[in-house]
Amino acid sequence: MADFVLLAGNTWETVRFPLGGAVCLFGAILCVIGTIGVMRFPDFYTRLHAASITDTSGAFLVLAGMALMAPSWLVLVKLFCMLGFLVLTSATGSHALANAAHTAGLQPKIGPVGQAGHQDHEEGDH
Amino acid sequence: MAYLLGIFVAIVAFWMGNSGHYKPLMLGFAALSVGLTLLLSARLKIIDREGAPYVRFVGFATYYPWLFWEIVKSNVVVIKACLRADLDINPALVKVKTTCKTDLAKVTFANSITLTPGTVTVEIDGDKLLVHGLYEANTVPEAFEEMDRRCARAADPSEKAS
């Protein structure tokens, strides 16, 4: 039993750095996807939705990857504090942006936004 | 007195988590700063139920894991929308009525909607929320009923208790 615990601990020590790196990389890819969405979506409000991918899953995964690579529990505590502040502030920030745009009188585009006539058309497979 | 103790425990835990130095000098500074903080909070009269919100802990501890899973699910939807070769979205603006009574519950509800990708709270007016969504099908008022119920349960009952 003691051997098994030791082996599990050693395996975890070797595995957690590549694993943390992979999770960080995946989070970075999600941030890029959010940016692509910001570029592609038609108006301000829909772009805000794309940006919230970067805010939530991108940031969460990067923090989780860093937590896996953390050298001590002190770093874990700080990362957890960051997660808490991020959850509270990023939503508030998005809401403040949307509310400011609404108050200023920016009308959102409503209804289906298809591919017809959109400039993304030429990137399609035909 | 219980609130003072609650704040004291929280501050000491925060100091321990951030410092990592346990020399007598540093611990002395810690005691000094914790004492000063408690003195200032007492003078500001913020040592009350809002200052030490332990009563809400259970409610939020069950609410946030559920919210986390909702965030994961709607992330997949929005990521698909971002990467689809042909842009195919259907934005909508709807009014959502909430059953949340207190300000805290309303703020939690609005923040949860904003935190979930694909929906953003644009405006709160009384018990009505103006929500902008990426897909009309996901933004009907019925889609927020469960979140509304859970928010009310997480943040409202403790208000009644006092």
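Each reported figure results from applying straightforward, stated rules to the coordinates on display, with no laboratory input. Predicted model only: the values in this text are computed from it and were never measured. Don't worry about glycine lacking a Cβ; one is built from the backbone with ideal geometry, like all the others, and counts go over all protein chains shown.
Tabulated values for the structure
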quantity: Average partner coverage of A:53-59, which counts Cβ from other chains inside 10 Å; calculated: 4
quantity: Cα-derived Rg to Rh of chain B, Kirkwood definition; calculated: 1.12
quantity: Exposure proxy ranking, count of Cβ atoms within 10 Å, fewest first, for B:MET26, B:MET147; calculated: B:MET26, B:MET147
quantity: Gained length - A:LEU88 relative to A:VAL32, 0.36 nm times residue gap less alpha-carbon distance; calculated: 17.9 nm
quantity: Surrounding net charge for B:LEU115, when Lys and Arg each add one and Asp and Glu each subtract one, Cβ distance under 11 Å; calculated: -2
quantity: Residue among A:VAL87, A:VAL77, A:VAL23 with the largest mean-square fluctuation in a Gaussian network model of chain A, springs linking Cα atoms under 10 Å; calculated: A:VAL77
quantity: For B:108-121, mean number of other protein chain Cβ atoms within 10 Å; calculated: 6
quantity: Residue-averaged [θ]222 nm for chain B, counting only DSSP H segments that reach four residues, each worth -39500 (n - 2.57); calculated: -19500 deg cm²/dmol
quantity: Helical segments meeting 20 Å axial Cα length and Kyte-Doolittle 0.0 threshold in chain B (DSSP H); calculated: B:2-19, B:24-44, B:57-83
quantity: Most mobile of B:LEU115, B:LEU67, B:LEU32 in a GNM of chain B (Cα contacts under 10 Å); calculated: B:LEU32
quantity: Estimated dipole of the stretch B:57-161 in Debye, rounded to 20 [Cβ of Lys and Arg +1, of Asp and Glu -1, Cα centre]; calculated: 220 debye
quantity: Number of partner chain Cβ atoms within 10 Å, mean per residue of A:95-102; calculated: 5
